[in-house]
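J.: Just passing along the structure, written as structure tokens.
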Amino acid sequence: ASEVGTSTTTGDGGMTPEERGQSKYLVYQYLPSRYGMNPDDLRKADAIEIVLGQGAKPGGGGMLLGQKISERVAGMRTLPEGIDQRSACRHPDWTGPDDLTIKINELREITDWEKPIYVKVGATRTYYDVKLAVHAGADVVVVDGMQGGTAATQDVFIEHVGIPTLAAIPQAVQALQELGVHRAGASGATGNDGVQLIVSGGIRNGADVAKALALGADAVAIGTAALIALGDNHPRYAVEYEKLGSAAGFYDDYQDGRDPAGISTQDPELAARFDPIAGGRR
């Protein structure tokens, strides 16, 4: 991401010194679990993303399998090592959209009003959720569609919950337009300085990016596509993928922590296979 001048997010579990050191732009994800949450890290980030939902599991919490809770992960999250952990779907210190306004102001005060605040929602009630996020004071709204991946939920959520990414964009754009904040700076719309729309969830190639931007998104975010570019699902590991009951090009059981490419794993032997320099260039 730093090579091409874009940002990455920390994900659940807090910020590591390595990712801050290697990231030109790093967005701190503020999740219901609060795992690894550190106010000092909030100040080190370039932006803060309040995660209200995820496209692959809207309305559902997380499930982190014990084999992924290594000694380091357990220490960062203050959890027992090797034990499955569930995280809540709701933030523990608010109950509704009015409280989101309070939380955004709290995060602004912690960071001296220096950091942009993102609000991420899973694509379900997109029109209404976007309006609520804007009214609460978000600088950026992230809409995550159902084609997005995750390493922490049940198959029924991944396959059957949420709405498709491209179908969610017009709803988000309509909400922003009605509030006068969609591409306000570029279009001359009235209202404040504008609220940016980032879209994620199954963005695989340039065609998907073009469609999202044409429908009204300001930017897109990728996840699984980046894993593939880094070298995941490579044919060189075909035999090992078959042993896991999958095949090169089809493996998506990232929650198991046994990725043969050594990317989505805490196994040091597997991780040693991954060349981050070569992967970053790809």
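Nothing in this text is a laboratory measurement; each read-out follows from the coordinates by a stated rule. Keep in mind that this is a model prediction, so the values were computed, not measured. Every residue, glycine among them, receives a Cβ derived from its backbone with ideal geometry; neighbour counts consider all protein chains shown.
J.: Can you list the aspartates and glutamates whose alpha carbon is less than 17 Å from that of residue 24, not counting same-chain residues fewer than 8 positions off?
T.: Reachable aspartates and glutamates: 3, 41, 46, 49, 114.
J.: Decide, for the range 134-271, between rounded, prolate and oblate: order the square roots of the alpha carbon gyration tensor eigenvalues as a ≥ b ≥ c, take rounded if a/c falls under 1.5, and otherwise choose prolate if a/b is larger than b/c, else oblate. The partial results should precede the final answer.
T.: Working: a/c = 2.77, a/b = 2.57, b/c = 1.08.
Here the range 134-271 falls in the prolate category.
J.: With axes computed from alpha carbons, what is the tilt in degrees of helix 206-215 against the longest principal axis of the chain, rounded to the nearest 10 within 0 to 90?
T.: 20
J.: Peptides 53-66, 212-225, 2-15: what's the order by average Cβ count within 10 Å, highest mean first? Spell out each step's value before the answer.
T.: Details: 53-66: 21.0, 212-225: 18.3, 2-15: 16.1.
Those peptides, ordered most packed to least, come out 53-66, 212-225, 2-15.
J.: Further question on the same structure: Looking at this model, which pairs from 68/120; 103/211; 44/211; 57/103 are more than 28 angstrom apart at the alpha-carbon?
T.: Pairs exceeding the cut-off: 103/211; 44/211.
J.: Could you state the angle between the C-alpha long axis of helix 126-136 and the longest principal axis of the C-alpha atoms of the chain, as a value from 0 to 90 degrees rounded to the nearest 10?
T.: 70
J.: Quick one: Debye curve from the alpha-carbon atoms of the chain only, equal weights, vacuum; give me log10 I(q)/I(0) at q = 0.12, 0.13, 0.14 Å⁻¹ to two decimals.
T.: Those come out to -0.78, -0.93, -1.09, one per q.
J.: Tabulate in residue order the Karplus-calculated ³J(HN,Hα) for the range 10-18, using 6.51 cos²θ - 1.76 cosθ + 1.60 with θ = phi - 60°, rounded to whole Hz; enter x for Gly and Pro.
T.: Residue by residue, the range 10-18 yields 6, x, 6, x, x, 9, 9, x, 5 Hz.
J.: Starting from the Cα gyration tensor of the range 28-180, take the square roots of the eigenvalues, sort them a ≥ b ≥ c, and report rounded, prolate or oblate (rounded when a/c is under 1.5, otherwise prolate if a/b is larger than b/c, else oblate).
T.: Details: a/c = 2.29, a/b = 1.20, b/c = 1.91.
Judged from the Cα gyration tensor, the range 28-180 comes out oblate (a/c at least 1.5, b/c at or above a/b).
J.: Here is a further query. Note the full-extension length gain between residue 99 and residue 178 as 0.36 nm times their separation in residues minus their Cα-Cα distance, in nm to one decimal.
T.: Contour length minus Cα-Cα distance gives 26.1 nm.
J.: As I understand it, the value is the acute angle between the Cα axis of helix 97-110 and the longest principal axis of the Cα atoms of the chain; what does it come to in degrees, rounded to 10?
T.: Once rounded, the angle reads 80 degrees.
J.: If you don't mind, another one. Which aspartates and glutamates, if any, have their Cα less than 14 Å from the Cα of residue 131, not counting same-chain residues under 8 positions apart?
T.: 98, 139, 178
J.: Turning to a different aspect of this structure: With the Cα gyration tensor of the range 232-282 in hand, give its eigenvalues times 5 under a square root as the equivalent ellipsoid semi-axes, listed largest first in whole angstrom. Mind showing how you got there, number by number?
T.: On the way: eigenvalues 60, 33, 17 Å².
So the equivalent ellipsoid measures 17, 13, 9 Å along its semi-axes.
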